[in-house]
Structures are given as C-alpha cells and as structure tokens.
1. Scanning for something of a type in the set (Asp, Glu), touching a residue at least 24 places away in the same chain (Cβ under 8 Å) and crowded, with 18+ Cβ neighbours inside 10 Å, does the stretch 180-199 turn up at least one residue?
2. I'm checking my understanding of the structure. Among residues of the stretch 137-155 that are surrounded by fewer than 19 Cβ atoms within 10 Å (Cβ to Cβ) and of a type in the set (A, V, I, L, M), which one is farthest from the chain's Cα centre (by Cα)?
3. Just checking, which of PRO259, PRO274 is surrounded by fewer than 17 Cβ atoms within 10 Å (Cβ to Cβ) and of a type outside the set (S, T, N, Q)?
4. So, restricting to strands (runs of 3 or more DSSP E) that lie completely within the stretch 243-352, which ones have at least 2 residues that are basic (Lys, Arg) and touching a residue at least 24 places away in the same chain (Cβ under 8 Å)?
5. For the stretch 360-393, how many residues meet the condition of being open to solvent by 30 Å² or more (accessible area, probe 1.4 Å), not polar (S, T, N, Q) and not in a loop (DSSP other than H, G, I, E, B)?
6. Got at least one residue in the stretch 526-534 being open to solvent by 40 Å² or more (accessible area, probe 1.4 Å) and either over 24 Å from MET289 (Cβ atoms) or of a type in the set (S, T, N, Q) (or both)?
7. If you take the residues of the stretch 199-241 that are in contact with a helix residue (DSSP H, G or I) (Cβ under 9 Å, 6 or more places away or on another chain) and among the acidic types (Asp, Glu), which of them is farthest from ASN138 (Cα to Cα)?
8. Of the residues GLU217, GLU205, GLU187, which single one is farther than 30 Å from TYR473 by Cβ, at pLDDT 90 or above and charged (D, E, K, R)?
Amino acid sequence: MKKLEDELRLRLNDDEQVPYPDFDAMWERMQQIQTDQEWKNTSSVPFVRKRKVKRIAVAATLGALLAAAPVYAAVHYDWDTLLRWNSGVQTALKQNLGQELEQSVTRDGITLTLHTAVVDENQTVILYSLDIGKHNKNEFWSFAGISLKDKEGKVVDLQKGSQVWDDKSNRFTGYLQADWTPSGDTEEVELSAHNLRSTSQQEKELALDPGSPELQEIAIRQDGLKSVGVQIFEQGEDKFLLATSVDFDQPETKDWAYPRIAVYKNGAEVHSLPGGTFGTPGEHGEYTMQQYFKRSYLSGGSASYRLLYTKLEQSLEGPWNFDLKLSKEKMKSGTFIKALNTTLEENSQSVLKKMVTTPVQISVAIENSAKWGIMPYQKYELLVGGKTLEGRLWSSEGRKPRIETFRFDRPANLVITPETPIVLVCRYKVTYHGGGEAPVRLTGIGTQKQSLTTNISGYPVKWTYYKQNGDLYVESESASPGFGGVNQTYIGTGKNRIIGKPLTVNFAGDGNNKAIDVYKNFKGTEAEIHMFYYTTDDPDKETRVVLQPGEAAGGGTEQ
C-alpha cells in the first residue's frame, strides 16, 4: 500500500506527526455495506482483518445468568455458509477438531451462546449464535466490543470475522477470531461481550451537480449527522473521484454511521469502481471517503445521489461474560513447527523466521527490518504438495523490526506431513524510494489549471496545479504503468514546511498512480513541491523460497 496507509507505520520526521486514516472504520464500513446487501440471502461477508483496534476493558462482574444449552444443541447451524471464506476452520470442523463449548448467557432478554472453539498454534476462532427474540429484518445487531482476558490479566480483542442472519434457527450466527492462542495446551480465560447495538440503514437524497468542480456542501441535520461536503475530480478520460466528508452534530455517531454516497442511474444503483476508501479522519475529525465512478454514471439528467448511513436504534451495555477453558490439544497431532532462517530474496532485509502448520492453516513469520517497514511484494501463494493456496499478510504493531505473518487456510482434502514440499511464491514487486529527487517548482499559481512534466527515476510524471476557493491543489500522475505513484507532498523544508493533505488514498499494486494533495489557504503564486517518497511497480517480478524440505541456499530466487 502506498500513500496515507503507511502513516500507521512511518513517522515521516522527528518533529511532526502527520494524521493518518482510520483504516479500521474503512474496512468495517466495507464489511457493513456487503452485510446489509446480503442479509436476506443469509450470505456471509469476507472478513478483512483490521490493523488496529481500540483496547477494550473487560467488565469485572460475573452476575450474568448462565444457562444450560440443550435447546441450542438441538438447533442445526449451517456453519459452512458462514465460513465459506474460511476453509481452514471448515476443515477443522469436518475433522471433529473443534472444542465443544455450548455455554449461554442471557441479559435483557437476549441470549449469546458460544458453541464451538477452534484453537491451534496460529489462532483462536469461536463460533456463536445470538438470539434477540423477535427480529425486525431491517435491523442488524452486533457487539461493539468482544474480548478475552487470559490468566495473566492481558486483554485480547476478538475480531468479528463474520455475522449473518440464519432463517433456519431464527438467530444471528457468527464467528470471532484472534491471533491469541493458549500459552500451554489449555488455558482458562474470560470472554466478555458488551455494548450490543441494533442499527438500521437510512438514506437521504442529495442534490449534487456532477459538472461542478467546486466543493458542494449540503445540510443533513438528522440522526447525529450535521452536513456532507462533496467535491468531484476528473480521473482520466472516463473516471471521476467523489471526495466526501461528513460532519457530525453528535461525535459518537461516527462510531456506527459508516456513511457512503450511492449513485443511481435510471433508478438503479450503479457500482463504484475499485480503489475507494472509507473512514479516513479529516482535519477536524470529520469522516472522509473517496469513491470512483465512470463518467457515464454521473453524466445526464437521469443520475441521482443519496447519502446512505447506519442509524443506531438501541444499545444494551451488558456485559455477557463467560468463563472458558480453551484447548489446542486436538490439534497437536497435526501440528508441525519448523524454524527458518532464510532471506526473502538476495540482499533482502526480510528474513523468514518460522513456519507453523496446523490442521487449520499454515503461517509463515517474517522479520522485516527494511527502512520503510513494508513488504516488497503484493501477492502471496504457497505451493503445497501440488496445490496452490492463496495467502494474506497480517502485520504486527509497534515492533522494530516488524514481524509480518503470511497466513494460508488449508482445504479439507490437503494432506501435509513434515516431508511435503512447500514453496512460498511472492509476486508483483513494489519498490519504495525516498523523495530525494529535485523539488518540483510551480510558478504562476492561479485559478487556471497548469501542467508540467518532470522525470522521476526515468518515468515521466505530469503535475497539474491550480487554486480553488483559496486552496492550492496539486495533482500528480504518470502514463507509465511502471510508476506506482507519489506519496504525500510538502512545501518548504524543516519545521516550517507545509504538509499537503491527500484527497486520494491509493493502494500499492492497484494500477492507479494519480494522487491529489490540497494545501489549505495557500498564499502566493510560487511553490517548491517535495515528495516524502514514491513507488515503482514491477507486476512480473517473482521470488520463490523453498520452505520444506530444506531451505533455499542464499535466500529466495527472483524471476
């Protein structure tokens, strides 16, 4: 990823910290949107692990009513539908490797039941159901906070992997997951769930002029939302960017509103293009988002616009508390741990440290001490016994060097032994470069758009600049697909430098190298623009590392 996402990792200088986007809210909103669309079809939503979660204090009271669970044991739950994006847990359940829990707690007439735990050396997953009684299909219920407290008093957040409405059981079903596992074979823990919220989806018509480049501000003044500001930017021949910010009358509304703009053509909602982001915090705490649409969607009189958001209907504090004894004993016979000490590729500062194979998934830990602290490849696969497993990368927080973890879920029909050949394949290399190039000098700054082209590492980069409502806009892009994009820019040097506010949040390897920075209340007609860093892309670059049997001598091989 490039641009603002890396601000969670990088302090760009010693004396000034740049505000970073709230990617938790962005991913959660994307999950919520898909969930809303699929409630009636009882389809589950793929979970994208959130990078940073607010720590939750576990409630101390244990006064909840603990009930036996024979009623719930008789209910059939379709875990396969819920877990269709989690083949590893499906595999464990089919092999009877789950730990039966069947504990229920009822508070305020609502029952939370923990059914099964799947615990191995890599992660803990807990399957649950939520019985709210009479259900309004237009409302969605979920806990704002769920956590584990281990025997040492450490609090571990559990992520809501997915939750759906199950028509057969007339309950919500879902699963929770965490990187945490028992320090030994078993461990006593306390699980606490609190702040159960009921929300519904709302919408408000917006009168937008798609032909205006000016900031369009519209009052909302309902359900805690104060106003919305929308600005439209051209992004090539047939693409527009809708940059939106939402202000709140009630700041707490930001915790559940997750607003977005919906575009309708001839009465039907049109899909936005890839690359949009949600939840980046604005300069004054507003909720901002970026959405891309085809030009044809916004042109013509038949296009209409609505603000969609989530409204809080009611909230129940709880807590729902459980005393559990979690165990990974069932997983021991199928678990292999292999120490590694090989570089990802020649002269790399990324070193593979350990591979853990369990019946649920394969994880590969990598120590990354590179300057930017960012993995150089975007796509990861594991070749295991002739099969290809798609992987994902989870990052640690606050460690130097950083510890990254590749995770690959196991399909049910894959047999793995300590002798099974395993090869890690990394594709699509993105290289990060410090912005030490000569600054870009802008002259004659005014309301008319002006452009100039510079050469960065052999790539032509076009800079377009202009003033609008007293603000300076600086756009950068390249016709060369090998140029990944310019990171956040700034004017001047030292403590007096002015840092541009990015209006776009791009992702490494997304094929979009256009960026827009805005300098508020800019005075003057000239400026020297500096880059923090920029990236170059090599989609065909590949490296392979033999993990088992044996290690690749001298690290990985590049192709």
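The values are calculated or read from the model by the stated rules, or taken from the named source; none is laboratory data. Just so you know, these numbers come straight off a predicted model, no measurement behind them. Cβ: placed from backbone, ideal geometry, glycine included. Neighbour counts: every protein chain shown. Remember, those area values only see protein heavy atoms, side chains included, never the ligands or the DNA or RNA. Shrake-Rupley method; radii C 1.70, N 1.55, O 1.52, S 1.80 Å.
1. Checked against the condition, which is being of a type in the set (Asp, Glu), touching a residue at least 24 places away in the same chain (Cβ under 8 Å) and crowded, with 18+ Cβ neighbours inside 10 Å, the stretch 180-199 yields at least one hit.
2. Checking each candidate, the answer is VAL155.
3. When all the criteria are applied, what remains is PRO274.
4. Filter on the stretch 243-352 gives 260-265, 303-316.
5. 8
6. Quick first cut of the stretch 526-534, residues open to solvent by 40 Å² or more (accessible area, probe 1.4 Å) only: 526, 528.
Imposing the further condition that a residue be either over 24 Å from MET289 (Cβ atoms) or of a type in the set (S, T, N, Q) (or both) reduces the set to 526, 528.
Checked against the condition, which is being open to solvent by 40 Å² or more (accessible area, probe 1.4 Å) and either over 24 Å from MET289 (Cβ atoms) or of a type in the set (S, T, N, Q) (or both), the stretch 526-534 yields at least one hit.
7. GLU237
8. Working: GLU217 fails: farther than 30 Å from TYR473 by Cβ; GLU205 fails: farther than 30 Å from TYR473 by Cβ.
One residue alone meets the criteria, GLU187.
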